[in-house]
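The values are calculated or read from the model by the stated rules, or taken from the named source; none is laboratory data. Owing to the predicted nature of the structure, the values given are computational and were not obtained by experimental measurement. When we count neighbours, we look across all protein chains shown, and the Cβ atoms used for this are built from the backbone with ideal geometry, even at glycine. Areas reflect the complete protein model, heavy atoms only, side chains present, ligands, DNA and RNA absent. Shrake-Rupley method; radii C 1.70, N 1.55, O 1.52, S 1.80 Å.
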Amino acid sequence: MFDLTTLIENLYLVGPARAKLLINLGIHTLNDLLFYFPRAHQDLSKFTPIADLKPGQQANIKAKILDVKSFRTKVRRFSLTQALVEDDSASILCVWFNQPFLTKVLKKNEYFIFSGKVTFKNSAKGGSASGGKIQLQNPVYEEVKKEQIHTSRLVPLYSLTANLTQKQLRYIIKTYLDKTTLAEYLPSEILRAEKLLDENRAVKTFHFPDNYAALSSAQSRLAFDEIFQTQLRVLQSKKSREQKKSLKIDTAISMEEKIRQLPFTLTEGQLQALKEIINDFNKLFPANRLLEGDVGSGKTIVAALALWLVAKNNLQGALLSPTEVLAQQHYGNLLKLFQNDGFDLALLTSSQTRINGNPATRATLLAQIASGKIKIVLGTHALLEKEVKFSKLALVVIDEQHRFGVQQRSILKQLNNTHLLTMSATPIPRTLALTLYGDLDLSRLKELPVGRQKIITRIVAEENRAKAYDFIAKQILAGRQVFVICPLIEESDKLGVKSAQTEFKKLSEQIFPQFKIGLLHGKIRPKEKESVMLEFKDNRINLLVSTSVVEVGVDVPNATVMMIEGSERFGLAQLHQFRGRVGRSEYRSYCFLFSDDPNSLQNPRLVALTESDNGFELAEKDLQIRGAGDLYGTKQSGYDFKIANLSNLDLVQRTRNYAEKLLNEDINLNSYPLLKQKIQAQPLVHLE
């Protein structure tokens, strides 16, 4: 029995050169090879009589070899191998280019299976008699008396890299599947209750199924594995966190007066979320809560009040934002909110250091954080640098955690005794909340603040562009402001989509020369970004052309039109985020979706956006259309479900129940060593 940890380059049939190709596919060990699953299966289980073949089809025939020849063509001087083959209905010529060795492999009077594309016979001369005007070009071949793995069955198709063929990879995987037996790791009671195949059989069947029923059974087992292992990993993390100690926060300090001072009334959802966060502070272990809510639902004020309570306890809190623009916006808002509360606030980004709104040296700011004098620090990834040392850090708020890289998040994982509150304006589908986010406690804001109106959303055909521009001009003349979003910063000949720089030039010089147009994108220097956003907030810029840098959190209540170029290039959740930048006041707001795709009126993402303004509904729809992908940070975090369908809520709930039961009996899974080994190899999406 082979050791599953054996490096790929040490395997027979692989060797150093081919190992490099496999490593390009993420295959480093024998275990990786066996679990490198097909992206699809091609049904070559049915044969077509030669007489019924038609040009253009992928054919699968079983035939006897009558003659085989190899020769060099006169014109281009390449090797051409031809085999005349026949079945009971007719004969046909099979042709291969630059494979002269086939004359030794394909033997006369032997029966072979051939699978390939049917084409018209070319004009090359020198071959044997033709079986008609059609031929099989470069068909895959296998001898009938041997086991078929490339033909005559459901044939696995794998994702490849340059210089590696399906046939080569298929043969290597099949060889080691036959030589390896995978030990079962699932408890027998789960196998029986779920009526699952054992893992060894499931893996081998999924690669090389005998039929579709067998493929389905294997798929069910492997999908169960993916979700179950994830559930165990995140729930184990949650239970481990509950064994740690957190800093004591006195929640008896009344918030009522602070809440009364707010210039608006909190929604029931906001009050409930705040209550849940305060309850977390009463527990002995550090919280890890996700506060999710639709765009504009008021998550930031809930987090701000939690930070206020921490500061009133003479402890420290930090709010981490994915962009400098957003960090500055949060800082400005909290300065106003806490100006009479008697504690210090600081801003720390790569380009700015401020204390209570005033410029400060980096050294001074770091010293005051380390001493505990500064109670609340807002910033970007700069807060994660080694030089930043806190005295009594009790709460970290993370805005859009999935926008931070794996290394950046790993730094935060070291905050073992700190309460963590993650905010997300991308509502998370229920199945993902129970799996990938299963280690987090969840608070949801489903209401929008009083006075918000429904945003009118339309897909705009190109012939109506001029009308849209006229409408935008009227909105600006009425005192309102406009966002224009483009997929790219600069023009790209290859992609052929609108860029922010080109649109800025066109709109400012040709379409709206009478208005002040601004430009914002990721390559602009931080100080210039701040200046542009300040001008836009102060209504000194009428129309802002931007890339997706405005997707999260940018708050300009006077903006009433969101115009999105190349809208088909954005995901549904991202489009909803863009739309959420308008409609943040009592003014009627609009979202116009432009597309270079002539079929944009039928695009399922765009249509869904026009039909719903509910972010939770749209999140479920986005999961159906695109899958989890990087939208919810799955690939970036190491989870990339290849087989499981995360829309299956029933399966998700069942696997969660099994995981809960096992961990309640033994949090370390010592009674199940193989299962423990599997789980330890799993990454963790969220912060421990």
Provide a single number: the residues in segment 604-661 that are at pLDDT 75 or above, assigned to a helix (DSSP H, G or I) and among the aromatic types (Phe, Trp, Tyr).
2
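Per-residue answers, yes or no, for (1) assigned to a loop (DSSP other than H, G, I, E, B); (2) within 30 Å of Val203 (Cβ to Cβ):
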| position | (1), (2) |
| --- | --- |
| Asn31 | no, yes |
| Tyr36 | yes, yes |
| Gly56 | yes, no |
| Lys62 | no, yes |
| Leu80 | no, no |
| Leu84 | no, no |
| Pro100 | yes, no |
| Gly116 | no, yes |
| Asn138 | no, no |
Can you find a residue that is assigned to a strand (DSSP E or B) and either more than 29 Å from Ala218 (Cβ to Cβ) or polar (S, T, N, Q) (or both) anywhere in segment 16-26?
no
Which residue pairs have Cβ atoms under 9 Å apart, sit 6 or more places apart or on different chains, and have a first residue in segment 9-28 that is of a type in the set (S, T, N, Q) and a second that is open to solvent by 40 Å² or more (accessible area, probe 1.4 Å)?
Asn24/Ala162
For segment 243-331, which fully contained helices (runs of 4 or more DSSP H) count at least 3 residues that are of a type outside the set (Gly, Ala, Ser) and under 28 Å from the mean Cα position of the chain (by Cα)?
299-312
For Ile149, indicate whether it is touching a Gly at 6+ places or on another chain (Cβ under 8 Å) and either surrounded by 17 or more Cβ atoms within 10 Å (Cβ to Cβ) or at pLDDT 95 or above (or both).
no
Please pick out the residue among Val302, Val295 that is in contact (Cβ under 8 Å) with a residue 12 or more places away in the chain, under 26 Å from Asp344 (Cβ atoms) and not aromatic (Phe, Trp, Tyr).
Val302
Output the number of the condition that Ile65 fails; it satisfies all remaining conditions of (1) open to solvent by less than 30 Å² (accessible area, probe 1.4 Å); (2) more than 21 Å from Leu164 (Cα to Cα); (3) without any contact (Cβ under 8 Å) to a residue 12 or more places away in the chain.
(3)
Cross-chain or 6+ apart pairs with Cβ under 7 Å, segment 462-482 first and without any contact (Cβ under 8 Å) to a residue 60 or more places away in the chain, then assigned to a helix (DSSP H, G or I)
Tyr469/Ile511
Provide a single number: the residues in segment 309-332 that are within 30 Å of Arg579 (Cα to Cα), of a type outside the set (D, E, K, R) and touching a residue at least 60 places away in the same chain (Cβ under 8 Å).
11
Among the numbered criteria (1) touching a strand residue (DSSP E or B) at 6+ places or on another chain (Cβ under 7 Å); (2) among the polar types (S, T, N, Q); (3) at pLDDT 90 or above; (4) not in a strand (DSSP E or B), which one does Ser159 miss?
(1)
Among the numbered conditions (1) under 30 Å from Ala433 (Cβ atoms); (2) of a type in the set (A, V, I, L, M); (3) more than 30 Å from the chain's Cα centre (by Cα), tell me where Leu186 comes up short.
(3)
Evaluation of Ser237 against (1) at pLDDT 90 or above; (2) within 30 Å of Thr300 (Cα to Cα); (3) open to solvent by less than 60 Å² (accessible area, probe 1.4 Å) (one fails), failing number:
(1)
